[in-house]
1. What ratio of Cα Rg to 2.2 N^0.38 Å holds for region 143-267?
2. Which order do the peptides 87-93, 232-238, 252-258 take when ranked by the mean count of other beta-carbon atoms within 10 Å per residue, highest first?
3. Take the Cα atoms of region 54-133, find their three principal axes, and give me the spread along each one in whole Å, biggest first.
4. Quick one: in region 203-275, what % of C-alpha pairs are over 18 Å apart?
5. Between Rg and the Kirkwood Rh of region 78-124, both from Cα atoms, what is the Rg to Rh ratio?
6. Ignoring ligands, DNA and RNA, how do Ser218, Ser296 rank by accessible area with a 1.4 Å probe, largest first?
7. Could you give me the percent of Cα pairs per 10 Å distance bin for region 99-142, shortest bin first, beginning at zero and ending with the bin that holds the maximum distance?
8. Pick out, from Tyr227, Gly240, Tyr217, the residue whose Cα sits farthest towards the positive end of the charge dipole of region 183-262, with +1 on the Cβ of Lys and Arg and -1 on the Cβ of Asp and Glu.
Amino acid sequence: MLLGSAADRHEGFLTPTSATPSGRSCFLVGLVATNFGQLDEGGGHMAGLSRLDGKRTLVIGGGGAGIGRSIVRSCAAAGATVAVADVDAARATEAADELRAAGHVSHALSGDVRSSEQLEDVIAGAAERLGGLDILITVVGGQVAFVPAVRLHEMTDEDWDTVYDVNLRYVARAVRRVLRLFLEQGTGGNIVSIGSVTGFMAAPKQAGYGAAKAGLYSLARTVAAEYAADGIRMNVVAGGAISTAVNAGPSDAWVPEIPAGRYGTSEEMAAAAVYLASDEARYITGQQIVLDGGVSVRGPFPE
């Protein structure tokens, strides 16, 4: 379950921008990072990493803030060229400008991932600016930021559809479009999506969110089975209670429920995403890496 402010969860809606590091391009639909487990003592990125060198990457669905922003930074630090997509054009531009100021190649894009037309425009724009795409990372998701947290029988059809739009439907659309692009390019490709432990755990009053995230993992497994022979991989990073820059941290009441005794960080989520996007994980596909401090092995979420 990814915890954060409404602004953090909305950041995942598509947006085009401009800034890139020399190397590979990345499309962030939600996130990309540096060396898995290779963070400095302060949780920052270690210098000199080139795990994504030359990769063209698109980060979609909130690339300008929170987890998405950490992924963008990590992707660039790992040597990728990055297209930052966010529903907030100013936020995407700020993220891309930060990368360019650090000597990276980056582009800013803006659009709402719930719109198939805007999603198509962002993906096409990223491919045009980067000269193609190697990696797609999708980030945005959540329930309580978009609809009320209620028991299942109280949930309306409209709210159920909204939760599916921001957690699964836009990802499926983006994946279908990028798969066509990868096949046209003929050089394979990589998709990483941000998921949640609610996709395989009981989470009271988050039935829609959990069902959508379960569907996301199923999608990744199907893509893996159907496209591995084409050199295309898809994996998921499932987060538990994650603190972001947008939201200093969830309520302290959650800490006793986490065996690790703390919240996860957006940098840790980004590191896992970068690892899965890198060639070091080239034999990993259709899998889900869980970052939850042990929550999922402890038992169901409290209500």
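1. 1.21
2. 232-238, 87-93, 252-258
3. Largest first, region 54-133 extends 32, 26, 17 Å along its Cα principal axes.
4. Values: 1509 of 2628 pairs.
Here the long-distance tail beyond 18 Å is 57 percent of all Cα pairs in region 203-275.
5. In region 78-124, Rg relative to Rh is 1.02.
6. On the way: Ser218 65, Ser296 40 Å².
Correct descending sequence by accessible area is Ser218, Ser296.
7. 23, 51, 23, 2
8. Final value for the positive-end residue is Gly240.
The values are calculated or read from the model by the stated rules, or taken from the named source; none is laboratory data. Every value quoted in this text rests on a predicted model; they were computed, and no experiment measured them. Don't worry about glycine lacking a Cβ; one is built from the backbone with ideal geometry, like all the others, and counts go over all protein chains shown. To get the accessible areas, we keep the full protein, side chains included, count just its heavy atoms, and leave off ligands, DNA and RNA. Shrake-Rupley method; radii C 1.70, N 1.55, O 1.52, S 1.80 Å.
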